[in-house]
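Only the coordinates and a few stated rules stand behind these numbers; no lab work does. In this text the structure is predicted, and so the values were computed from the model without any measurement. For neighbour counting, all protein chains shown are included, and Cβ atoms are generated from backbone atoms with ideal geometry for every residue, glycine included.
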Ligand code: ATP
Ligand code: MG
């Protein structure tokens, strides 16, 4: 599974629909302070179900919607999509919220449950609190992690965490 592109519309400072392609190798995002680099990471965390507003630097759910600027009116909807290329074809995951209260997770552009999205990415390291996103100040969190926390990190990286989940599910039936 490979991330091909990222689409952001009306999320935080992204007043206009913005598509970013991710090529092979390393992609670096550069820009002046306050230009929206961290907002891209916030968008990805939010898409994967981040409920903690603090960790995406917002006070309430509407704060993620573009608030307007001198030149541009506020947006009504915030939308984030990630497009992945897999062996089975293209997968699009997304999330949208509106000021009117609409709130949806999307799988291939159709409403889905966050659970379905999480299931799809289990074992890949992609998710709101997994190692695929290492935020500022998180490196020392790994260094000071307990053996138990380190083990779950390794299980996730090795792709075996999904079996632990499935075992738990089977035993509870
Ligand atoms: P730095 O280099 O300082 O880390 P950065 O490129 O990471 O900067 P961000 O933190 O991503 O910058 O962007 C911050 C900007 O996003 C601020 O100017 C802030 O006003 C703007 N912003 C955040 N939320 C919204 C919103 N809802 N509507 C409009 N602008 C927003
Ligand atoms: Mg930043």
Inset, instruction - Enter the Cα centre distance for the pair the stretch 151-173 and the stretch 1-57, rounded to the nearest angstrom. - result: 29 Å
Inset, instruction - Return the distance in nm (one decimal) between the two label points of a simple spin-label model at residue 157 and residue 172, each offset 7 Å from Cα along Cα→Cβ. - result: 2.8 nm
Inset, instruction - Specify the residue with the greatest mean-square fluctuation among 148, 163, 105, computed from a Gaussian network of the chain linking alpha-carbon atoms under 10 Å apart. - result: 148
Inset, instruction - Please arrange 95, 113 by counting, for each residue, the other beta carbons lying within 10 Å of its beta carbon, fewest first. - result: 113, 95
Inset, instruction - For a quick protection proxy, order the peptides 22-34, 3-15 by their average other-Cβ count within 10 Å, most packed first. - result: 3-15, 22-34
Inset, instruction - For each of 77, 139, 97, count neighbouring Cβ atoms within 10 Å of the residue's Cβ, then give the residues from fewest to most. - result: 139, 77, 97
Inset, instruction - Taking only Cα atoms and a 10 Å spring cutoff, compute GNM fluctuations for the chain and point out the largest among 85, 156, 100. - result: 100
Inset, instruction - Taking only Cα atoms and a 10 Å spring cutoff, compute GNM fluctuations for the chain and point out the largest among 152, 69, 98. - result: 69
Legend entry - Spacing of the two label points (7 Å from each Cα toward its C-beta) at residue 86 and residue 141, in nm: 2.6 nm
Inset, instruction - Over 16 Å, how big is the tail of the calculated P(r) for the stretch 76-158, in percent of all Cα pairs? - result: 63 percent
Inset, instruction - Using just the helices of the chain, give the 222 nm mean residue ellipticity in deg cm²/dmol: DSSP H runs with n ≥ 4 each add -39,500 (n - 2.57), and the total is spread over all residues, rounded to 500. - result: -8000 deg cm²/dmol
Inset, instruction - Summarise the long-distance tail of P(r) for the stretch 1-70 by giving the % of C-alpha pairs beyond 17 Å. - result: 46 percent
Inset, instruction - Kindly give the semi-axes, whole Å and largest first, of the ellipsoid equivalent to the chain, taking each as the square root of 5 times a Cα gyration tensor eigenvalue. - result: 29, 19, 17
Inset, instruction - Please tell me the relative contact order of the stretch 19-79 in percent, rounded to the nearest whole number, where contacts are Cα pairs under 8 Å and at least six residues apart. - result: 15 percent
